[in-house]
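The values are calculated or read from the model by the stated rules, or taken from the named source; none is laboratory data. Note that the coordinates shown come from a computational prediction; the quantities given were computed from them, not determined experimentally. Note that each Cβ is placed from the backbone with ideal geometry, even for glycine, and that neighbours are counted across all protein chains shown.
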């Protein structure tokens, strides 16, 4: 095999070759000289440089395609397809959905229901599912991953929020610094005025839903389903209120992905969790022990000391690099190849140190976050311990938001009238379950 197939990073390849030799394995190439160390180093350096050149050429090619308005890969947005000749997006207006709709028609229908009828995303979902309009055109995108079989509220919202339907596809919205970034002009499906009006309706619906809420729910955003990991949402049925799995609320009863984790009485689970929380607040020593353990876990490493050590190593490498560059300037051809190998090693060491620095910087941020969290919990213990006898909803919600990470609801077991509910508190190690409740409701 050729050396450029063995590895594309010089330092890693040399390390791998050294380890193979330790086990008595020699690296041989039919077409290249691998016995001469200088030649070997040069060939590996060429392989790495070729990889970097390939990455650069690929990036330049993608940017050139974007500048020409071409689609650079991935699944085309709903309502569009890639023109095989121009490689640009074009409207997908073939009426292949139920024999009477195209994807363009469906997009127009969605925007009409939102802007004209002022419907919510959930109601639009219900209409599309009741009319059996498929969310994906069969055979359009040959993907191995499982495709959606039914419309959902989040999918409708994403279609409404996407700028492409007013004629602008933004590439690289989430790209990091120096990432590909471009606005591609495409044929619009709706006018810019209709698109803006749809955004206003979404905002208005959100405000109205908050205003018309008949009951406030303590565990909103905290309670999750153990089966599908979707959120439980508070809903009212007559005079009773429940938490229901979002994946259970789809109107179409034939939905094969529907979650059958049953609803949970809101008053039952909220009262039990609040009583459990009061027990901890009234016994602050228990929480303080947990906090001490958690703080010791995040402070096991002296991050500042490690960062200082990395800075010291960086300085040593920079001095070594300057020393080697001086040798190159002396014009000794015999030493030049070996020196370049050493400089490449320094470069790779610097890359590794950069990764270490990132790791410890993230660790430092995590430590600061944990300390702030612990400070918030201690504040709750000192300020709210006397107020929890007769708290209002706002106070309860504030305490739960600070002290509860997640509540997981499990389904009923066969023949059992009770179900398991796990409470994960923020004053214990992340993911640790402190309380398990067995509830009926």
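Observations on the model:
The rows are residues; the columns are (1) part of a helix (DSSP H, G or I); (2) under 26 Å from residue 234 (Cβ atoms); (3) modelled with pLDDT of 70 or more.
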position: 361; (1), (2), (3): yes, no, yes
position: 377; (1), (2), (3): yes, yes, no
position: 396; (1), (2), (3): yes, yes, yes
position: 400; (1), (2), (3): yes, yes, yes
position: 420; (1), (2), (3): no, yes, yes
position: 423; (1), (2), (3): no, yes, yes
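- Check on residue 367, surrounded by 13 or more Cβ atoms within 10 Å (Cβ to Cβ), touching a helix residue (DSSP H, G or I) at 6+ places or on another chain (Cβ under 7 Å) and modelled with pLDDT of 80 or more: no
Every residue, every condition in (1) assigned by TED's automatic domain parsing to the domain that holds residue 84; (2) part of a loop (DSSP other than H, G, I, E, B); (3) modelled with pLDDT of 75 or more, yes or no:
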| site | (1), (2), (3) |
| --- | --- |
| 134 | yes, yes, yes |
| 138 | yes, yes, no |
| 177 | yes, yes, no |
| 183 | yes, no, yes |
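- Selection from region 409-419 of residues that are touching a residue at least 60 places away in the same chain (Cβ under 8 Å) and surrounded by fewer than 18 Cβ atoms within 10 Å (Cβ to Cβ): 410, 411, 412
- Unique match (being free of Cβ contacts under 8 Å to residues at least 24 places away in the same chain and farther than 30 Å from residue 151 by Cα) among 67, 36, 93: 36
- Of all residues in region 52-88 being assigned to a loop (DSSP other than H, G, I, E, B) and in contact with a strand residue (DSSP E or B) (Cβ under 6 Å, 6 or more places away or on another chain), the one that is surrounded by the most Cβ atoms within 10 Å (Cβ to Cβ): 71
- The single condition among (1) over 30 Å from residue 170 (Cα atoms); (2) at pLDDT 80 or above; (3) surrounded by 12 or more Cβ atoms within 10 Å (Cβ to Cβ) that residue 11 does not meet is (2).
- Criterion: touching a residue at least 40 places away in the same chain (Cβ under 8 Å) and outside the structural domain of residue 17 (by TED's automatic domain parsing) - qualifying residue of 46, 75: 75
- Condition check for residue 111: at pLDDT 90 or above and in contact with a helix residue (DSSP H, G or I) (Cβ under 8 Å, 6 or more places away or on another chain): yes
- Elements of type helices (runs of 4 or more DSSP H) in region 244-330, at least 3 residues being at pLDDT below 75 and surrounded by fewer than 12 Cβ atoms within 10 Å (Cβ to Cβ): 284-298, 303-329
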